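Engineer: Have a look at this one.
The values are calculated or read from the model by the stated rules, or taken from the named source; none is laboratory data. Keep in mind it's a predicted model, so treat the numbers as computed, not measured. Neighbour counts run over all protein chains shown; Cβ positions are idealised from the backbone, glycine included. Areas reflect the complete protein model, heavy atoms only, side chains present, ligands, DNA and RNA absent. Shrake-Rupley method; radii C 1.70, N 1.55, O 1.52, S 1.80 Å.
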Amino acid sequence: METNSILETIQMISEEKLDIRTITMGISLLDCIDSDGEKARQRIYDKLTTKAKDLVKVAEKIESEYGIPIVNKRISVTPISIIAAASDDKDYVAYAKTMDKAASELGVDLIGGFSALVQKGSQTGDDILIDSIPQALTETTRVCGSVNVGSTRSGINLNAVKKMGHTIKDLAKVDPVNCMSLVVFANAVEDNPFMAGAFHGVGEADCVINVGISGPGVVKRALEQVKGQPIDVVSETIKKTAFKVTRMGQFVGNIASKELNVPFGIVDLSLAPTPNEGDSVAEILEEIGLESVGAPGTTATLALLNDAVKKGGVMACEHVGGLSGAFIPVSEDAEMIRAVTAGNLNIEKLEAMTAVCSVGLDMIAIPGDTTAETISGMIADEAAIGVINNKTTAVRIIPATGKTVGDSVEFGGLFGRAPIMPVNTNSPANFINRGGHIPSPIHSFKN
Amino acid sequence: MKAIITVIGRDQIGIVAKVSAKLAELHVNILDISQTLMDGNFTMMTMVEWQDSVKFENVKTSLETLANETGLDIHIQRQEIFDAIQKL
């Protein structure tokens, strides 16, 4: 019996908050398509409640027997814009309600896939879906939506970028908190287990299990042991720690897949923070040597962290996928919140950080009077970073209707609290209102 | 099934006796045992094994009851998790 290894593992789980952030079951809804919307929704409901009927039970059993917290159980489905397009429904709110009902009955925390992929252009189903987003996400509690507006291969759909600025504003009008369920992507991935952006791509198998790990606290604690040592040592330490964290994801995914008799898809190697103390990505950067996240050097340390996590994790699991890197959601990271409140971290620095981390401008509250065009401008900038650098980027921002800098938005639980950040108020309206399509970059022509 | 039981708490007379008596009652076999005092806390680690006819939930619940009675922190986890994380 290797007592040191056992103690280390127990410490990782109990003190350093190592957990499985999510087991996400991806379910294809392609076989639920029907020209009669009512019938399609019944099939969707039946398929979800059949395929995922044991998901929560199995996850809870794994938690109990192996002592690993599994924070969320989730489902992702084929983008509804594709599934509903065959029907003559004029809005898709009823589909979101069907998803919500199934999720609630199954006891899963979130269900993603109220989504549209419009990077090159939109079909009627995409337009209807995007128009339905504000009502759909307002009238449901567990449904998440996403829209992919650009890709390295296709460029950026500026019409969609423009539209999403208005969609986000409309969604925020009823309650800004609803905006946490909507993400705008460039280079969206089809096997992402994390919300709000999870959907089940059309190239995926009928049903798969994907696992998202967590564990910033474990990395931080490991780095405390190598204070003052060269940056190479930091990188090696992160790699070794990421290896262990990922092994747990692979292990849990294998068991879940076996117990549910569903193929195991991927492990997403993301470091996902929570607002709990000691579970912060920003604290890792500060442990590497920044006085506060946001200081010069933030982008470099984040780049190193992101890369080392991937290098350590890749060997630890069979298939890597999803977003895989470090997340920097402001509201979900206690140290990020502190840095923003103290004026040490601004949106421009966060934007630079998104060029080297796994997602984008995430869970950021902005003043309620920010215009739709400004939001579109932020989306366009993020999409450009993703498209040019061949990586996923995303925008999940919350225009805090009726509030301004100095106030904050409370999301509760895992999603935390977002202090409202100032936004550059110079208007990009003339650029956004041109509409059209930003061509794909030269390096996309690889054939 | 193999599992690792960890017992942590204020040192007191009869910890090992109480835990092992409970395990015997549950038909759980002790394969290995190690104990130490860390920062004044009694820390015991036990590798155990039992036949499939004994349910994990039953063992866990009984140990939780013992934990409540004694004020000790008792955890049980299936052994595979430790290998998965620590071994190639």
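Engineer: Which count do you get for residues in the range B:31-59 that are open to solvent by 60 Å² or more (accessible area, probe 1.4 Å), out of contact with any Gly (no Cβ under 9 Å at 6 or more places or on another chain), at negative phi and more than 10 Å from chain A (Cβ to nearest Cβ)?
Structural biologist: Looking only at that region, the number is 7.
Engineer: Would you confirm, using the coordinates I've provided, whether A:Thr274 is assigned to a helix (DSSP H, G or I), of a type in the set (Val, Ile, Thr) and surrounded by fewer than 24 Cβ atoms within 10 Å (Cβ to Cβ)?
Structural biologist: Here the answer is no, as A:Thr274 does not meet what is asked.
Engineer: Can you find even one residue in the range A:160-170 that is in contact with a Lys or Arg (Cβ under 8 Å, 6 or more places away or on another chain) and in a helix (DSSP H, G or I)? It would help to see each step written out before you state the result.
Structural biologist: Step one: filter the range A:160-170 for residues in contact with a Lys or Arg (Cβ under 8 Å, 6 or more places away or on another chain), giving none.
Within the range A:160-170, not a single residue is in contact with a Lys or Arg (Cβ under 8 Å, 6 or more places away or on another chain) and in a helix (DSSP H, G or I).
Engineer: May I ask you to verify whether B:Lys2 is basic (Lys, Arg) and over 30 Å from A:Gly312 (Cα atoms)?
Structural biologist: On the way: basic (Lys, Arg): yes; over 30 Å from A:Gly312 (Cα atoms): no.
Taking the combined requirement at face value, the residue does not satisfy it.
Engineer: Do you know which residues across the range B:66-84 are at the interface with chain A (Cβ under 8 Å from one of its Cβ atoms), part of a helix (DSSP H, G or I) and either at pLDDT 95 or above or over 15 Å from A:Ser14 (Cα atoms) (or both)?
Structural biologist: Selection gives B:Glu80, B:Ala84.
Engineer: Further question: Using the structure shown, decide if B:His27 is at the interface with chain A (Cβ under 8 Å from one of its Cβ atoms), open to solvent by 80 Å² or more (accessible area, probe 1.4 Å) and either over 23 Å from A:Ser14 (Cα atoms) or touching a strand residue (DSSP E or B) at 6+ places or on another chain (Cβ under 9 Å) (or both).
Structural biologist: No; evaluated as a whole, the condition is false for this residue.
Engineer: Another question about this same structure. Would you pick out the residues in the range A:87-105 that are over 24 Å from the mean Cα position of the chain (by Cα) and open to solvent by less than 30 Å² (accessible area, probe 1.4 Å)?
Structural biologist: Correct list: A:Ser87 only.
Engineer: Exactly one of (1) away from chain A (no Cβ under 12 Å); (2) out of contact with any Ser or Thr (no Cβ under 7 Å at 6 or more places or on another chain); (3) touching a residue at least 12 places away in the same chain (Cβ under 8 Å) is unmet by B:Ala21. Its number?
Structural biologist: (3) is the only condition that B:Ala21 fails.
Engineer: Could you check, for the range A:19-29, whether at least one of its residues is within 14 Å of chain B (Cβ to nearest Cβ) and of a type outside the set (Ser, Thr, Tyr)?
Structural biologist: yes
Engineer: How many residues are of a type in the set (Asp, Glu) and part of a helix (DSSP H, G or I) if we restrict to the range A:359-385? First the steps, then the outcome.
Structural biologist: As a first pass, look at the range A:359-385 and keep what is of a type in the set (Asp, Glu): A:362, A:369, A:373, A:381-382.
Restricting the remaining residues to those that are part of a helix (DSSP H, G or I) gives A:373, A:381-382.
Summing the residues that are of a type in the set (Asp, Glu) and part of a helix (DSSP H, G or I) in the range A:359-385 gives 3.
Engineer: I need the full set of residues from the range A:3-17 which are facing another protein chain (nearest Cβ under 9 Å) and in contact with a helix residue (DSSP H, G or I) (Cβ under 7 Å, 6 or more places away or on another chain), in order please.
Structural biologist: A:Ser5, A:Ile6, A:Thr9, A:Met12
Engineer: Can I ask one more? Residues of the range B:1-18 being of a type outside the set (Gly, Ala, Ser) and either within 14 Å of chain A (Cβ to nearest Cβ) or in a helix (DSSP H, G or I) (or both), which ones?
Structural biologist: Once the filter is applied, which keeps residues that are of a type outside the set (Gly, Ala, Ser) and either within 14 Å of chain A (Cβ to nearest Cβ) or in a helix (DSSP H, G or I) (or both), the range B:1-18 yields B:Met1, B:Lys2, B:Ile4, B:Ile5, B:Thr6, B:Val7, B:Ile8, B:Ile15, B:Val16, B:Lys18.
Engineer: Please work out if A:Tyr45 is open to solvent by 10 Å² or more (accessible area, probe 1.4 Å), touching a Lys or Arg at 6+ places or on another chain (Cβ under 9 Å) and over 25 Å from B:Phe82 (Cα atoms).
Structural biologist: Here the answer is yes, as A:Tyr45 does meet what is asked.
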